1. Hey, what's the Cα Rg ratio for the stretch 556-656 versus the globular rule of thumb, 2.2 N^0.38 Å?
2. Quick check on my link table: of Lys454/Lys551; Lys147/Lys220; Lys243/Lys280; Lys182/Lys228; Lys454/Lys481, which ones sit more than 19 Å apart, alpha carbon to alpha carbon?
3. Ser115 versus Glu543, label points 7 Å from Cα toward the beta carbon: distance in nm?
4. What list of ³J(HN,Hα) couplings, whole Hz, do you get for the stretch 490-495 from phi and the Karplus terms 6.51, -1.76, 1.60, once you set θ to phi - 60° and write x for glycine and proline?
5. Can you list the lysines whose alpha carbon is less than 23 Å from that of Lys595, not counting same-chain residues fewer than 8 positions off?
6. Ranked by accessible surface with a 1.4 Å probe, highest first, in what order do His179, His502 come?
7. At 0.36 nm per residue, minus the direct Cα-Cα distance, what do Asp144 and Arg335 gain on full extension? Give it in nm, one decimal, please.
8. Can you give me the distance in nm between label points at Gln559 and Glu482, each placed 7 Å from the Cα along the Cα-to-Cβ direction?
Amino acid sequence: MPNGKERDKAKRRERFVNQDEVEDAARQEARERAELKKQRKREKVARKPIPIMLPEYITVSNLAIALHVRLEDFVWKMQELGFEETNHDFILNSENAGLIAMEYNFDPIIDRGDSEDLKARPPAEDPSILPQRPPIVTIMGHVDHGKTTILDFLRKSSVAATEHGGITQHIGAFSVPMHSGKTITFLDTPGHAAFLNMRQRGAVVTDIVILVVAADDSVKPQTIEAIKHAKAANVPIMVAINKVDKEEANIDRVKQDLARHGVDVEDFGGETQVVCVSGKTGQGMDELEEAAVALSDVLDMRAETDGQAEGWVLEASIKPVGKVATVLVRRGTMRPGDFIVAGNTWARIRCLRNEAGVEIEEAGPGTPVEVDGWREQPLAGDEVLQAVDEQKAKIVVDYRLEREERERMAEDMEAINENRKVEQEKRDREKAEAEAEKQGHALDIPEQKAGGPKQVYFIVKGDVSGSVEAVMDSITALGTKEVHPHILRSGVGQLSEFDIEHAAAAKGQLINFNTQVEPHISRAAEQAKVNIINENIIYRLVENVKAELSKHLPPLITQRVLGEADISNIFSITVKGRQQKNVAGCKVRNGVIGKNAKVKVIRHGEKVYDGSLASLKNVKKDVMEIKNGAECGMSFTDWFEFQVGDRIQSYEQKEEKRYL
Ligand code: GDP
């Protein structure tokens, strides 16, 4: 029986055990709770797409790596999504790459670096509170209708002409002060080219088009074209019927013709003002200017004179002071010392000049101004934007140049993908051919043609299509009239067993440029007695191929006469006791006649025999050679038609190996 002390002990133990269990259970519960919390968090995280920066172009394999997906699974997914091109080296654009990334719960962010570019400010919320700016007017119309004459007339009343003794310089635009105190800016280049050029570059610089129509000629093709362009650019038109001083002038006809071509002239209830002018006499010119002011009042052109300056390059040229460009300020005010960016170049404004060539302190909206201080020449139509400092200007230009490079790459990308597709198709075809070959179908094994150059066959393989093409070009250029390299096949990649089989069957050779030749391929080629020209430097490869081609060149044969003899009589001898045989009795004229040398027999300048001596005797003794002046008997191998008077030439022939 346990005593009381022991009982207490046992109870305590029991309590401890119970307490342990309780604690264990509590710990377990806490663990489970924590695990659940973690799982919930994981799920929450899993559901939230993970942001990922993607470049503008990425290959399939690199995208798979970036998304942490096995390439095989990735390709499956792509195919499931309907992508046809799933080769590992196919280049995806950011749009497609982004779509695929989203499938893997990524939030694609395309790295275009746009934040580095400069942009125009958003339009003012309430333009009506901004200061008014001069309207910008372009003069358009058919050739010879008087555009230049009108511009010249207007120029005479320009700021420059009135304030600086009539001297104006062509800077692409000029400003004309009106009686009302307002100013109109005229673009100085008549015609459509300038307008179109600017429009194509996204710049609608003009607020108003003055359409010049000659009263004696009415609407002509370029008039119609000008109407079309102005309407397309949504620029209001004013009509100047010119040459009204002329007798043949027919104003009504012009109005009717214009109406027929969609110009809603005032007289017919429309809104388009028509002013009759004469660029020659100046008649109606004030009216024209006033009409332009009236129209601009209606249009109510306003712009900020402060904040980031913006504008367009009207034209650029190189003058004695350096690279200059006329900028038509659109918003803000440009001042010397400002940094501006246009297209792919920038300037720290060295000075601003107006159309009189006079330096001005500042140029506000609607003012054309010649800017000096460009790093590179900007282009007409480039948008001009002010940068806060030189560093920003440089960053923007660098970024734009890089963007251009990327855009070029985009075009190249199409070509690269196309090339890769073609190569893949070629590889597939090769595979199919190999299969066909294995199953006993015929291969492309050319026959050596009789006559013509000797064909030497090659199969070309290389690391990339560019080098394969370069190798092929260099090799094909080696052909001559005697020997010609014939390329049976070419492709990108390592040499394959099929290449060896094909080369062996066609008695050709393999060219391997800049790829590893697998040991089993080397062995197989050796067994099949197929030569592999293996190089990674093109000129050495060319040398090797030249050497191979040279082996097929016929040798260079040179002959040297060793001695000559004349046949002076023919006598018959009995051979082996019974056979009669003719022998030529000769006298050596010069040199030495050797028994083993080759001989030619010449009769009346023509060769009648070329062969060797059957016997050479001095009196009755066989000799190895007979010298100049001596007499001898000769017979020829299988030839008996010699005659008295024939000349015998003993000669040696050398064969020299030739090289390409
Ligand atoms: P553009 O080709 O449109 O620039 O036309 P021009 O301004 O060179 O003018 C063509 C010809 O028309 C020139 O010989 C001008 O002298 C002549 N011309 C221009 N305006 C008038 C005018 O109002 N009246 C007359 N009679 N001739 C004019």
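The values are calculated or read from the model by the stated rules, or taken from the named source; none is laboratory data. Every value quoted in this text rests on a predicted model; they were computed, and no experiment measured them. Please note: Cβ atoms are built from the backbone with ideal geometry, for glycine as well, and neighbour counts cover all protein chains shown. What goes into the accessible areas is simple: the full protein's heavy atoms, side chains included, and nothing from ligands, DNA or RNA. Shrake-Rupley method; radii C 1.70, N 1.55, O 1.52, S 1.80 Å.
1. 1.03
2. Lys182/Lys228
3. Taking the two extended label points, one gets 5.6 nm.
4. 9, x, 9, x, 7, 5
5. Within reach: Lys576, Lys581, Lys587, Lys607, Lys617, Lys620, Lys621, Lys627, Lys654.
6. So the residues, ranked largest to smallest area, are His179, His502.
7. Between Asp144 and Arg335, full extension yields 64.8 nm more.
8. 1.8 nm
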